[in-house]
1. Give the residue, chosen from Leu132, Leu149, that is hydrophobic (A, V, I, L, M, F, W, C), in a strand (DSSP E or B) and crowded, with 18+ Cβ neighbours inside 10 Å.
2. So which residues in segment 152-161 are free of Cβ contacts under 8 Å to residues at least 60 places away in the same chain and either more than 21 Å from the chain's Cα centre (by Cα) or surrounded by 18 or more Cβ atoms within 10 Å (Cβ to Cβ) (or both), if there are any at all?
3. How about segment 114-123: which of its residues are without any contact (Cβ under 8 Å) to a residue 12 or more places away in the chain and either surrounded by 13 or more Cβ atoms within 10 Å (Cβ to Cβ) or of a type in the set (Ser, Thr, Tyr) (or both)?
4. State yes or no: is Asp184 open to solvent by 20 Å² or more (accessible area, probe 1.4 Å), at pLDDT 95 or above, within 18 Å of the chain's Cα centre (by Cα) and over 28 Å from Ala256 (Cα atoms)?
5. Can you pull out every residue in segment 210-266 that is open to solvent by less than 10 Å² (accessible area, probe 1.4 Å), free of Cβ contacts under 8 Å to residues at least 60 places away in the same chain and assigned to a strand (DSSP E or B)?
6. Sort through Asp199, Asp176, Asp168 and tell me the only one that's within 25 Å of Arg66 (Cα to Cα), open to solvent by less than 30 Å² (accessible area, probe 1.4 Å), out of contact with any Phe, Trp or Tyr (no Cβ under 6 Å at 6 or more places or on another chain) and not hydrophobic (A, V, I, L, M, F, W, C).
7. Go through (1) open to solvent by less than 40 Å² (accessible area, probe 1.4 Å); (2) modelled with pLDDT under 95 and name the single condition Gly287 misses.
8. So, in segment 43-81, of the ones that are over 22 Å from the mean Cα position of the chain (by Cα) and not aliphatic (A, V, I, L, M), which residue ends up surrounded by the most Cβ atoms within 10 Å (Cβ to Cβ)?
Amino acid sequence: MEIRPAVDTDATAVCRIIREADDARVISEAGWIHWRHTAAPDEHALHLVAADGSEVVGVGVCGLNRWTSSPGAAWCGVAVAGSRRRQGIGSALLDALLQTLEGVGATRATGFVRFSEEGERWATARGWERKLTGPLIAVDPRTIPEASLPAGFHFAPMAEAGPEAVYDAVVEAARDEPRPEPIDSIPYDDFISEWSHPDVDFQVSTVVCEGDRVVAFTEMRLVDDRAQHGFTGTRRDYRGRGLATAAKCVALRAAASRGVTRVTTSNAEENVSMRAVNRKLGFVPIGEHVIFGRDLGSP
């Protein structure tokens, strides 16, 4: 067994393992390659694979968290092919990732995972603990009704609004997103990297505007007949008017017009307002997402 840096030709195997670990994850080979090649240097991102000869059987990724002002924050994730679990592959990948993070100054890490009892036992045995949980939910976008807006607002595809206008709204809304580390320092160059992500459909992703100002938004990733909501939010002064709900309706219907039959998303238990929006739209539980965390340098 070899733990080595990932290369572009690993994309098919890596995406298959990621989707096996969480079938709600919407990621294409092109999207994974884009992720690898657009990380900022000071993120110190590392993509690893575990290879048994020519077969990729496990994947791992880590980096420093550039979206928070909290020093020492980092993230990481590991997934192993179902047929190769309980062989020490995940532990070998995790050890390599944590060693890398400690070497670049990280003092704690979080990981976002699809819950399973086996996965939680594995994580807690290695010093991780739950930080946030939330239901993983899904809806058939073909069931979504048309949306309307209060007077003075209009819909637009995210592509039409442009990255600068959307970035300003995202930065404001993200500060209130429940996370173990505050999302209070999103670099504009990271946002621009996302703007060129091949899995994000910026014609389906939707904004609500008052004049030229983006006041609510929802992002959507599409691969084949599956889609996954990215971040949805509303500026603080515009909340409580149904704007995020309306934006999601438009995006979901647009996804359905592209042949999508299932859209997934998840929200922290603490995000009461967005969970209410999703219930109203007909999303139903299909599992749970969990953010685990641990201090680095500890057993």
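1. Selected residue: Leu132, the only one of Leu132, Leu149 that is hydrophobic (A, V, I, L, M, F, W, C), in a strand (DSSP E or B) and crowded, with 18+ Cβ neighbours inside 10 Å.
2. Gly152, His154, Ala156, Glu160, Ala161
3. Result: Ser116, Gly119.
4. yes
5. Val214, Ala216, Phe217, Thr218, Met220
6. Answer to the selection: Asp199.
7. Gly287 satisfies all of (1) open to solvent by less than 40 Å² (accessible area, probe 1.4 Å); (2) modelled with pLDDT under 95 except (2).
8. Top of the filtered list is Asp52.
The values are calculated or read from the model by the stated rules, or taken from the named source; none is laboratory data. Small disclaimer: the values here were computed from a predicted structure and weren't measured. Every residue, glycine as well, gets a Cβ built from its backbone with ideal geometry; the counts of neighbours run over all protein chains shown. Accessible surface is based on the protein model in full, side chains and every heavy atom, while ligands, DNA and RNA are left aside. Shrake-Rupley method; radii C 1.70, N 1.55, O 1.52, S 1.80 Å.
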